[in-house]
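Each remark here refers to the structure printed beneath this line.
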Amino acid sequence: MILKNTRSVTLFPPSIEYVDLRIEGEKITERGKNLKPNRDEETINLHSKIVMPGLVNAHTHLYSSLARGMPAPRKTPQNFLEILHNVWWKLDRALDEESIYYSALVGAIDAVSCGTTTLIDHHASPKAIKGSLDIIKKALKEAGLRGVLCYEVTDRGGKKERDQGLAENERFIRKNQKNPQFRGMVGAHAAFTLSNESLRLCGEVVSSCKTGVHIHVAEDKCDVTDAEENYRMRVIDRLSSHGIIKKQSILAHCIHLSNKDFSSLHQAECWLVHNPRSNINNNVGHAPIHLFGERAALGTDGFPADMIEEARIGYLTNKEIARPIQDTGFKKRDASLTRMLGNGQRLVSETFGEEFGTLKKDSVADLVVVDYTPPTPMTSENLPWHFLFGMRSAMVESVMVGGKWVVKGREVVGVDMPKVYEKAAKVARKLWGRVEKLRI
Ligand SMILES: [Zn+2]
């Protein structure tokens, strides 16, 4: 097909060009002015609507999608560890195969409706580990999304659960090594719930599968103090000694780290993921994103995958604390958040070994049509501010993943939404009942 008269936009480096795009199979095969349709080729005139590369959620937990509105614990959690113990570690233990599926499907529908085309998910369901990543894959496929999946290895449920988690990662990674829509990684909860033996085992799977680890790092101070008090090491050095800190690895949060830690991470070329809404919600502190460097992306950590909202809140939070942001490749300091969104597409390019996020010839056709008419001049220089102050995910009109429309005219293609939501609400009620029992 040919998408005629697009206002093609990339977030980083910021660019705007009025062009036609030819899509064949999974890719953009031509980009230029006045492309002539071949016989049998569909032409869609977009009348200068914005076309931008599909957005990437670089760290999330689809398993929390059915927690929306769940009754709170009787005693309000007072700190991060209590939030984990009384909310998330009860919820994940209550998940069964049906609730894993509906959590993932509801989260995927949220994501794709907001123009998010790839989810990098971190899953936990200690009572249904084996095959859980296939259930999430099935749900993402149904909504048409791309996924990078992993199972959270941890010691909190004992050795048997830990080993099942490791096996689930390895099985999924090997099965999807050449899958154009899905890839696996080794998931690990956080250093403070993993013994040296468990970290070593994660490192071994990483090395034999030639992949990276997706892990929470220094989200709360407890992760840093655990390493110092129990292992006499900086948390980054401890992870590094087990082969976790490497180029393909994704480190979520990175709040309580020192300058020295950040230079080790930059040297290893890890991906660092900022999760502003979750950081505020859990009151874990402000991430020093001025130290995150060039390989920083944005995640929602369980909040709906609305990346426009995430970027806006990240931008405003950073303004509130008035922390200077070092320039890394773009002169205007406030563009950091949109740069992080563009970086999510670079992360996906490295993971799949294909080009994403450029809308160039031969790049993968993951794209979003946004019905945004700029009421003021829009240039590549001021694009980040149109994005942060003017665009809303409700303006996402259509979404394409791998050359196929997955959202058209604001409808998720092939998904019977009323039916899915009705069933999801029933599944959520049963899930909440099981959570209540675990809280007694
Ligand atoms: Zn997380």
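The values are calculated or read from the model by the stated rules, or taken from the named source; none is laboratory data. These numbers were taken from a predicted model, which means no experiment stands behind them. For neighbour counting, all protein chains shown are included, and Cβ atoms are generated from backbone atoms with ideal geometry for every residue, glycine included. To get the accessible areas, we keep the full protein, side chains included, count just its heavy atoms, and leave off ligands, DNA and RNA. Shrake-Rupley method; radii C 1.70, N 1.55, O 1.52, S 1.80 Å.
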(message) Angle check, please: helix 259-268 long axis (alpha carbons) against the longest principal axis of the chain (alpha carbons), in degrees 0 to 90, nearest 10.
(response) 60 degrees
(request) Whenever you get a sec, line up K49, K75 from highest to lowest accessible area (probe 1.4 Å, protein heavy atoms). (result) K75, K49
(request) Quick one: dipole size for the range 142-198, taken about the Cα centre, charges +1 on Lys/Arg Cβ and -1 on Asp/Glu Cβ, in debye to the nearest 20. (result) 260 debye
(message) Per residue, how much accessible surface does the range 95-160 expose to a 1.4 Å probe? Answer in Å², no decimals.
(response) 26 Å²
(message) As a test question: what accessible area, to the nearest 10 Å², does S263 have when a 1.4 Å probe is rolled over all protein chains in place?
(response) 60 Å²
(message) Please report the carbon-and-sulfur percent of the accessible area for the chain; probe 1.4 Å, protein heavy atoms only, DNA, RNA and ligands left out.
(response) 51 percent
(request) Quick one: plug the Kirkwood hydrodynamic radius of the range 287-440 (C-alpha pairs) into Stokes-Einstein at 25 °C, 0.890 mPa s, and report D in µm²/s. (result) 134 µm²/s
(request) Have a look at R171, R295, R312 and tell me which one the Gaussian network model of the chain (Cα, springs below 10 Å) gives the largest fluctuation. (result) R171
(request) Show the residues, 5+ positions off or on another chain, whose built amide H is closer than 5 Å to the amide H of G212. (result) V186
(request) Enumerate the lysines that K426 could reach by cross-link, defined here as Cα to Cα under 21 Å, with residues fewer than 8 away along the same chain left out. (result) K90, K127, K138, K437
(message) Can you find, among F262, I100, G302, the residue sitting farthest towards the positive end of the charge dipole of the range 55-352, where Lys and Arg contribute +1 and Asp and Glu -1 at Cβ?
(response) F262
(request) Could you state how much accessible area F12 has, in square angstrom rounded to the nearest 10, with a 1.4 Å probe and all protein chains kept in place? (result) 60 Å²
(request) Enter the angle in degrees (range 0 to 90, nearest 10) between the Cα long axis of helix 307-321 and the first principal axis of the Cα atoms of the chain, meaning the one along which they spread out most. (result) 70 degrees
(request) Note down the magnitude of the dipole of the range 55-352 about its Cα centre, charges +1 on Lys and Arg C-beta and -1 on Asp and Glu C-beta and zero elsewhere, to the nearest 20 debye. (result) 460 debye
(request) List every residue whose amide H lies under 5 Å from the amide H of G302, counting only residues 5 or more places away in sequence or on a different chain, with H placed 1.01 Å from N in the peptide plane. (result) H61
(message) Using +1 at the C-beta of Lys and Arg and -1 at the C-beta of Asp and Glu, which of G285, F182, I236 has the Cα lying farthest in the positive direction of the dipole of the chain?
(response) F182
(request) Calculate the all-directions average of the projected area of the chain's alpha-carbon convex hull, and give it in nm². (result) 20.4 nm²
(request) Take the eigenvalues of the Cα gyration tensor for the range 142-221, scale each by 5, and report the square roots as semi-axes in whole Å, largest first. (result) 22, 14, 11
(request) Could you check what % of the DSSP bridge pairs in the chain are antiparallel, to the nearest 5? (result) 45 percent
(request) Could you work out how far helix 336-352 tilts from the main Cα principal axis of the chain, as a 0 to 90 degree angle to the nearest 10? (result) 80 degrees
